[in-house]
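Got a structure for you, questions after.
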Amino acid sequence: MVKRAKGGANSQLRLGGARETDHAMTCDALAAELIATCIAVLQTYGLKRSRLLSLSRTAVHQPSKKRTSSGVLATAYRLSDLIARWGDDPAYLDATGKPAILKINGGGTDFAALAREYFPRLSIRDVLALGCETKALERVGKERVARLNDCVVFTGNSLLILANTVQTIRRYLSTASFNRKRRAVSSLDSGRTDRTSSYSVFEDDVAEYQRFMRLQISDLTEMSTRWLSRRPKNIANRGKRRRQVGVHAFLFVE
């Protein structure tokens with residue numbers, strides 16, 4: 001049960017005039033639904049219910065500040081930085097302004113130079129394999145490589161998807177926690193933006209909707225990345241504390 005503030009026998013909450021006890025029971029039910037949802041999804045990754053219960057007890061009684069998800073995603077983020085550089089730096093563009101097809105090894109602005117800059121501890125072969133696996137790169141013959149996408153694709157990689165899921169949930173819950181505080185809901189500008197669009201449509205419309213929205217979401221995230229990446233890195237008299245900010249968008253089908 002949730003801890004309830006003292007308010008007397010006739011204490012009521014603002015939410016729909018529900019009594020405090022009713023509110024607590026609903027909160028318990030929602031928490032149980034959230035936990036059950038997480039357990040059901042984690043079971044699809046091969047984790048047994050007994051193992052999940054054990055991990056849950058450990059998380060409650062011995063919480064760890066270690067963020068394994070950040071370590072798992074670090075390599076993918078570096079690859080994302082690499083392909084972003086490939087698409088922005090004039091040295092890696094062709095005559096039409098598009099990402100050029102690069103020699104893997106050839107000196108100068110070849111792929112090996114990019115790989116060594118972003119992955120100094122990995123072999124060029126391993127960077128190529130990672131890029132091809134995540135649909136960021138494509139081999140062109142034996143000696144050249146092309147930039148296939150402007151993003152790193154996690155599809156089919158269970159560890160990357162699970163790590164990204166952990167971070168998505170943490171970030172959304174952080175935003176929700178911030179917005180539920182009274183000081184954050186006094187105006188639309190004081191909260192952290194959280195918008196949802198959903199509607200029931202026929203099955204035949206799902207694919208069309210996904211095609212329509214995919215580009216919009218890609219443009220939104222690209223705009224965010226460009227704005228953030230161009231912020232000054234070191235300016236005197238600015239606060240020394242740094243915060244991770246951004247936008248996390250996804251399509252869903254229930």
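Out of all the residues in segment 159-170, is one or more in contact (Cβ under 8 Å) with a residue 12 or more places away in the chain and not in a helix (DSSP H, G or I)?
For segment 159-170, residues in contact (Cβ under 8 Å) with a residue 12 or more places away in the chain and not in a helix (DSSP H, G or I): absent.
Among the helices (runs of 4 or more DSSP H) lying completely within segment 19-129, list those that include at least 3 residues that are exposed (fewer than 12 other Cβ atoms within 10 Å of the Cβ) and at pLDDT 90 or above.
20-43, 49-61
Now for a different question. For segment 130-158, give me the residue count where each residue is open to solvent by 40 Å² or more (accessible area, probe 1.4 Å) and not in a loop (DSSP other than H, G, I, E, B).
Residues that pass the stated criteria total 8.
Could you give every pair whose Cβ atoms fall below 8 Å, whose first residue belongs to segment 83-101 and is of a type in the set (Asp, Glu), and whose second residue is at pLDDT 90 or above and part of a loop (DSSP other than H, G, I, E, B), counting only separations of at least 6 or pairs across chains?
Pairs found: 94/100; 94/101.
In segment 190-224, which residues are in a loop (DSSP other than H, G, I, E, B) and under 28 Å from residue 179 (Cα atoms)?
Scanning segment 190-224 gives 190, 191, 192, 193, 194, 195, 196, 197, 198, 199, 200.
The values are calculated or read from the model by the stated rules, or taken from the named source; none is laboratory data. Note that the structure is predicted; figures quoted are calculated from it, not measured. A quick note on method: Cβ atoms are made from the backbone with ideal geometry, for glycine too, and the neighbour counts reach across all protein chains shown. When the accessible area is computed, the model is the full protein with side chains, heavy atoms only, and any ligands, DNA or RNA have been set aside. Shrake-Rupley method; radii C 1.70, N 1.55, O 1.52, S 1.80 Å.
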